[in-house]
Amino acid sequence: MDANNPQIAAVLEAILEKAKYRAIQPELVEALAAEELAKGRKLKDAIKEVSSRLHQAGAAYFSAPPDYAAWKAELTELPPDLNSPRVKEFCLKAMQTHASTRERLPILEDFFNITLTTIAPVESVLDLACGLNPLAIPWMPLAKHARYSGCDIFNDMTGFLDQFSDHFGVEGSFETCDLTRLNFTQHARVAFLLKTLPCLEQLDKGISPRLLDAVPADHLLISYPIRSLGGRAKGMGKTYETQFEKLMANRNWQVERFEFKTELAYLVKK
């Protein structure tokens, strides 16, 4: 990929001008631009395709841009106790703004305690394409000084999550990343891929098996949505179950299956 290519630069500029993509990792945009232009697309069409892929992979989950500045200000007024009712109320309110975590709220009291029960208390977590899921830490069966690290494609989101973890003394960090270009440096007890694989497939078809093999974790907590963002089932649960079974077909990994009202989950021991 030639980052100095004027057409790639033009796609990058056009994408980052859009409010919903302004905070996205530039290197990911450049990589997608190079792919689309290599297909012989005209500049206008390349911009349209890159925008569409980024929308499906991440931007679609926000109905409006989160007000991270207001959240950061509110954080400073909260007690540094993740179990405080005020803190939990703050986390629930923020998670409402992201479709993926909003869908999990009705099952939040059970989701992590049930799926992680056999490996609790969890000493370390790697949350991949984390969204706002780290705000659910108060509902997770983590060890007292657990390390919790995560990454996502939006740098304003990861900046907020870094401040969140600092405020509550959570060990770990959050960074902007492009999971289609694998580069893992830290081992974890469990890696979260919560409704992540279908999104990543929008960016890189066939990434799922490579990613599962590459993630440096003893366990993987993988989940899939049961309904679309519009609320339609459309047989999604069965479709994703079939996809997951194909991923596991040639891997001698142990699998626990969990079905919730809004989500299908698997705990995989590699």
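Note on residue 42/residue 143: beta-carbon distance plugged into 1/(1 + (r/R0)^6) with R0 of 51 Å gives a FRET efficiency of 0.45.
A simple packing score, the average count of other Cβ atoms within 10 Å per residue, orders the peptides 109-121, 62-74, 18-30 as 18-30, 109-121, 62-74, with the highest score first. Every pair of different Cα atoms in the chain enters the Kirkwood calculation, which places the hydrodynamic radius at 19.4 Å.
Show me the ranking of peptides 187-199, 124-136, 5-17 by mean Cβ neighbours inside 10 Å, starting with the highest. Let's see the in-between values first.
Numbers: 187-199: 22.4, 124-136: 24.1, 5-17: 16.5.
Result, highest mean first: 124-136, 187-199, 5-17.
Please name whichever of 169, 126, 111 sits farthest to the positive end of the charge dipole of the chain, dipole taken about the Cα centre and charges placed at Cβ: Lys and Arg +1, Asp and Glu -1. Checking the options against the dipole of the chain, the answer is 111. Separation of region 35-93 from region 103-178 is 16 Å, based on Cα centroids. Each Lys and Arg adds +1 at its Cβ and each Asp and Glu adds -1 at its Cβ; summed about the Cα centre, region 63-207 shows a dipole of about 280 debye.
Normalised by the number of residues in region 108-236, the mean separation of alpha-carbon contacts (under 8 Å, six or more apart) gives a relative contact order of 23 percent.
How long is the gain from residue 250 to residue 77 if the chain were fully straight, where each residue apart is worth 0.36 nm and the alpha carbon distance is subtracted? Before the final figure, lay out the partial values.
Values: separation 173, 0.36 × 173 = 62.28 nm, distance 5.08 nm.
Working it through step by step, the gained length comes to 57.2 nm.
Once fully extended, how much extra length lies between residue 218 and residue 16, figured as 0.36 nm per residue of separation less the alpha-carbon to alpha-carbon distance? Working shown, then result.
Details: separation 202, 0.36 × 202 = 72.72 nm, distance 3.70 nm.
Stretched fully, the residue 218-residue 16 segment lengthens by 69.0 nm.
In a shell of Cβ-Cβ distance under 15 Å around residue 75, excluding residue 75 itself, what net charge do Lys and Arg (+1) and Asp and Glu (-1) give? Once all neighbours under 15 Å are counted, the net charge is -4.
If I stretch the segment between residue 261 and residue 7 completely, what's the gain in nm (0.36 nm per residue apart, minus their alpha carbon distance), one decimal? Mind showing how you got there, number by number?
Values: separation 254, 0.36 × 254 = 91.44 nm, distance 4.56 nm.
Gain in length upon complete extension: 86.9 nm.
Would you kindly work out the equivalent ellipsoid of region 6-57 from its C-alpha gyration tensor and give its semi-axes, the square roots of five times the eigenvalues, largest first in whole Å? Each step should come with its number before you reach the end.
Details: eigenvalues 49, 24, 18 Å².
So the equivalent ellipsoid measures 16, 11, 10 Å along its semi-axes.
To the nearest 20 debye, what is the magnitude of the charge dipole of the chain about its Cα centre, counting +1 on the Cβ of each Lys and Arg and -1 on the Cβ of each Asp and Glu? Let's see the in-between values first.
Values: 32 positive and 35 negative charges, 189 e Å.
So the magnitude is around 900 debye.
Put simply, the convex hull of the Cα atoms in region 53-130 casts, on average, a shadow of 6.6 nm².
Can you compute the FRET efficiency between residue 89 and residue 167 using 1/(1 + (r/R0)^6), with r the Cβ-Cβ distance and R0 = 25 Å? Round to the nearest 0.05. Walk me through the numbers on the way to the answer.
Values: r = 15 Å, r/R0 = 0.61.
The value I calculate is 0.95.
Within a straight-line Cα-Cα reach of under 19 Å, residue 269 can be paired with the following lysines, leaving aside sequence neighbours fewer than 8 residues apart in one chain: 195, 246. Bridgeable lysines around residue 44 (alpha carbons under 26 Å apart, same-chain partners fewer than 8 residues away excluded): 18, 20, 205. What is the antiparallel percent of DSSP beta bridges lying wholly in the chain, to the nearest 5? In the chain, approximately 45 percent of DSSP beta bridges are antiparallel ones. Taking only C-alpha pairs under 8 Å that are 6+ residues apart, what is the relative contact order of the chain in percent? 16 percent.
Taken together, the values in this text are just the output of simple stated rules run on the coordinates, not laboratory data. Since we're looking at a predicted model, the values are computed, not measured. A quick note on method: Cβ atoms are made from the backbone with ideal geometry, for glycine too, and the neighbour counts reach across all protein chains shown.
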